[in-house]
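The values are calculated or read from the model by the stated rules, or taken from the named source; none is laboratory data. Keep in mind that what you see is a predicted model, and the values were worked out from it rather than measured. We place every Cβ from the backbone using ideal geometry, glycine too, and count neighbours over all the protein chains shown. Side chains included, ligands, DNA and RNA excluded: accessible areas come from the protein's heavy atoms. Shrake-Rupley method; radii C 1.70, N 1.55, O 1.52, S 1.80 Å.
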Amino acid sequence: MKKIISVILVIIMLLPGSLFHSAVIALVLVLMWRGRLKEYLRPIWRYAYRMLVGVLAVLTLMLMPRPFALPTDRVRTVYLDENYNRISPPFHHWLVNILLPEETLCAMGLMVPLSPWRNMLQIKEGLLKNYDVELKNLQLHKLVTIYHSLAMRLESPLSGAYAQSSNVVGETPTRTAYIIKPKHYDADKSYPVVFFAHGFLGNFRMYPAMLDGIDDKIVVVFGTKDRSGFYNRSDINALFTHYIPMLEADGYKIDSDELSLLGLSNGGSAVDVAYAGYGNRFKNLVYISTDVNNFHRIKAKVMVIGGGYDTCAASMKSGIRRLKANGQKSSHLFLDDATHLMSAIENDKMIEFLQAEL
């Protein structure tokens, strides 16, 4: 039975999931096979086993999802109540993050479309086709391994998507946001701010992992109350009335002439709202893998990022043409062989583009 359990644990550990879970499982395996390991390590047993257990235990603690940020962290999760007041994450939210880290859930979710239950998923057929394209190209692992950019820096903020899920089941409503500090932060310098609006399924930890390559600006990944990714005027207004004051209260100096808004998938609704009513308050508005619905000229620069296999490809191509025809200041990154998942799969190209254009 011990061997069967060990094989199962090794398989789980090798799945492209959370490094925290892998460290925990490795520690469990070492403890399970203490006697056998003693035979292998007998010449140096006195120190080797203790050292191995100690290293794994420390690694587990360092990778553990935590409800607070360390001074060295660039990424932190902020919990807010309905009135945007800062609150502490509830204990059970932290516990859920430990028992089922978001990366592990993501890795498990990627297995479902390969199962007999594929057709029962409430996902648009076009998105499943995008999934199949990336599966064929052997690129799906990037949806999980992109998290490791945080783990390798020993940063482990709580998941914003889990907090949104708690709102759905009727808990006291909370909002979550990720704040990414500039890489070489200078407290005396005023910084541009990049706001990012998430897509369907919630405010994942994947997003700050995707965006931390924007290292010379403050990045705020802000969420909706639920996991829909549909934003309204009050959400955009809150950027000016609550989020920027919150950053300033934390000691950041904000360059109010250098504000950008990025919207991914359903989060393109945030860009639509900003385009219609706040076009003169942003320097850049960026549609990412989403329909482009506005074309009139505004002060902000408008960018389109997308792929030819995306379900939104026709709308993005049309949007690029119409923006240019209207004389709107714009630019685009369009990869013919990319899918709706390009922000993660082609992350390096997207970040390079944003660094140059924002």
| task | Calculate the length of the line joining the C-alpha centroid of the stretch 201-279 to that of the stretch 1-28, in whole Å. | result | 37
| note | Taking only the alpha carbons of the stretch 183-267, the radius of gyration and the largest Cα-Cα distance, Dmax, both in angstrom, are 12.9, 38
| Sites V55 and S88 - FRET efficiency at Förster radius 30 Å, r taken between beta-carbons, to 0.05 | 0.45
| query | Quick one: accessible area per residue over the chain, 1.4 Å probe, rounded to a whole number of Å²? | reply | 49
| message | Given a 1.4 Å probe and heavy atoms of the protein chains only, how would you sort R118, R50, R66, R281, largest accessible area at the top? | response | R50, R281, R118, R66
| said: Cross-link candidates for K142: which aspartates and glutamates have Cα within less than 18 Å, leaving aside residues fewer than 8 places away along the same chain? | reply: E102, E103, D132, E134, D212, D310, D337, E346, D348, E352
| query | Which whole number in µm²/s is D for the stretch 237-358 by Stokes-Einstein, with the Kirkwood Rh taken over Cα pairs at 20 °C and 1.002 mPa s? | reply | 145
| task | Under 18 Å Cα to Cα from K189, which lysines show up? Leave out anything in the same chain fewer than 8 places away. | result | K181, K217, K253
| Cβ-defined net charge surrounding A69, 13 Å radius [Lys, Arg +1; Asp, Glu -1] | +3
| request: Show which aspartates and glutamates lie in cross-link reach of K317 when reach means a straight Cα distance below 13 angstrom and same-chain residues fewer than eight apart are skipped. | output: D291, D336
| request: Please report, in whole Å, how far the alpha carbons of the stretch 177-229 spread along each principal axis, starting with the longest. | output: 37, 17, 11
| message | Given a 1.4 Å probe and heavy atoms of the protein chains only, how would you sort Y49, Y40, largest accessible area at the top? | response | Y40, Y49
| task | Indicate, rounded to the nearest 5 percent, the antiparallel portion of the DSSP beta bridges found entirely in the stretch 137-285. | result | 20
| To the nearest 10 degrees, how steep is helix 2-14 against the longest Cα principal axis of the chain, on a 0 to 90 scale? | 20
| If Lys and Arg each add +1 and Asp and Glu each add -1, what is the summed charge of the other residues whose beta carbon sits under 12 Å from the beta carbon of E155? | +4
| task | Quick one: what are the phi-derived ³J(HN,Hα) couplings along the stretch 205-216, Karplus 6.51/-1.76/1.60 with θ = phi - 60°, whole Hz, x for glycine and proline? | result | 5, 4, 5, x, 5, 6, 9, 6, x, 7, 9, 10
| Between D215 and V10, what is the FRET efficiency for a Förster distance of 30 Å, r being their Cβ-Cβ separation, to the nearest 0.05? | 0.25
| Residue separation times 0.36 nm, minus the C-alpha to C-alpha distance between K329 and F240: what's the value? | 29.7 nm
| said: I'd like the projected area of the chain, averaged over all directions, using the convex hull of its alpha carbons. Report it in nm² with one decimal. | reply: 20.4
| Along the charge dipole of the stretch 303-358, Cβ charges K/R +1 and D/E -1, which of G319, A338, M303 sits furthest on the positive end? | G319
| note | The helix 313-325 Cα axis meets the longest alpha-carbon principal axis of the chain at an angle in degrees, between 0 and 90 and rounded to 10, of 40
| request: Kindly state, to the nearest 0.05, the FRET efficiency for A187 paired with A314, given R0 = 35 Å and r defined as their beta-carbon distance. | output: 0.15
| task | Quick one: angle between helix 268-277 and the longest Cα principal axis of the chain, in degrees between 0 and 90, rounded to 10, please. | result | 30
| query | In a GNM of the chain with a 10 Å cut-off on Cα contacts, which of P89, P157, P245 has the highest mean-square fluctuation? | reply | P245
| How large is ³J(HN,Hα) for each residue in the stretch 229-243, as worked out from phi by the Karplus curve 6.51 cos²θ - 1.76 cosθ + 1.60 (θ = phi - 60°), to whole Hz, x for Gly and Pro? | x, 8, 9, 10, 4, 5, 5, 6, 4, 5, 4, 8, 8, 10, 5
| query | Per the 1.4 Å probe, what fraction of the accessible area of the chain, in percent, lies on carbon and sulfur atoms? | reply | 60
| query | What base-10 log of the normalised intensity I(q)/I(0) is obtained for the stretch 106-178 from the Debye formula, alpha carbons as equal point scatterers, at q = 0.14 Å⁻¹? | reply | -0.67
| request: Mind pulling the per residue volume of the convex hull built on the Cα atoms of the stretch 272-322? Å³ is fine. | output: 61
| request: For the chain, give the share of DSSP beta bridges that are antiparallel, in percent and rounded to the nearest 5; count only bridges with both residues there. | output: 30
